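Everything on this sheet refers to the single structure shown next.
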């Protein structure tokens, strides 16, 4: 049965994936089929050759240059990713009755995300967490639209018996996360990558899903206080480079203060309602405690603060300054997700002060 998870949990997992992958691979846009492949996608169920061709193209998009063999099989589960060592990897994609190319693509996208995470050392604490992380990872990698369409249930009718005139309705669903959670992951990943809305919805087959995701993305931008204005020729001259640097530095300083308050907030949240903490939230708090112990976020924000004021106004450094602004936004998003978790269990600024 497909599960739904809270937005804050999706956000936290996306932040973890981004932390690991941002130094090696960040997709500039969601995946789109090349025109040469699009007309052949419908043949994937009947022609295994096309499954391998599509897999090769997605691997190229993900920067995975070592070819992985993909095979269509008849099994009762959705698919398998097998890795005996760093050189011997294989994906088995299940071909089942009542499924079409949408479901083959969804399974393929999920298993290729396993492959990507295996190569780049992204892993979950257990098997269930690994699968949830992989489904969310499809959205981060720009493959979420393939999973969203294929994770919807297949419904068909069958006769109750050979001599019966009555029919029963049957359904079949693949995947771990509910399509609603996949939609949320697509929206949050799009915000994280700053992908334009038109790119995000371009590959989504369902008109309803396109409308919902466009609406959720606009709401997310509004919730976070981001406004998109049309650029004007004079907009770049309205602010000096020094002012821009001071704005980034101020935001980084504020983020550092929030990071310094997190250990106290975690202790308060665990102490106020220890018996009411949900299992998944308890695991998140353990992960957060480990992150705070390692000081990863603090090191990232210190690096930003040390770099931003040393940049002058040349073109290359302006690009670097924009990268630093995105890094600060990413850190603030992670902090906000953690603070929301602590607030869920009654932690407030007054509790931390006491």
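For a quick protection proxy, order the peptides 297-304, 202-209 by their average other-Cβ count within 10 Å, most packed first. Don't skip to the answer; put the middle values down first.
Working: 297-304: 17.8, 202-209: 14.8.
Going by the mean number of other Cβ atoms within 10 Å, highest first, we get 297-304, 202-209.
Once you sort the root eigenvalues of the Cα gyration tensor of the stretch 171-224 as a ≥ b ≥ c, which label holds: rounded (a/c under 1.5), prolate (a/b larger than b/c) or oblate (the other case)? All intermediate terms of the calculation are to be shown ahead of the outcome.
Numbers: a/c = 2.08, a/b = 1.64, b/c = 1.27.
Prolate, since a/c reaches 1.5 and a/b exceeds b/c.
Peptides 146-155, 256-265, ordered by how many other C-beta atoms sit within 10 Å of their residues on average, highest first, read 146-155, 256-265.
Here, each number is a calculation from the coordinates, and none is a lab measurement. On a predicted model such as this, the values are computed, not experimentally measured, just so you know. Reconstructed Cβ throughout: ideal geometry from the backbone, glycine too, with neighbour counts over all protein chains shown.
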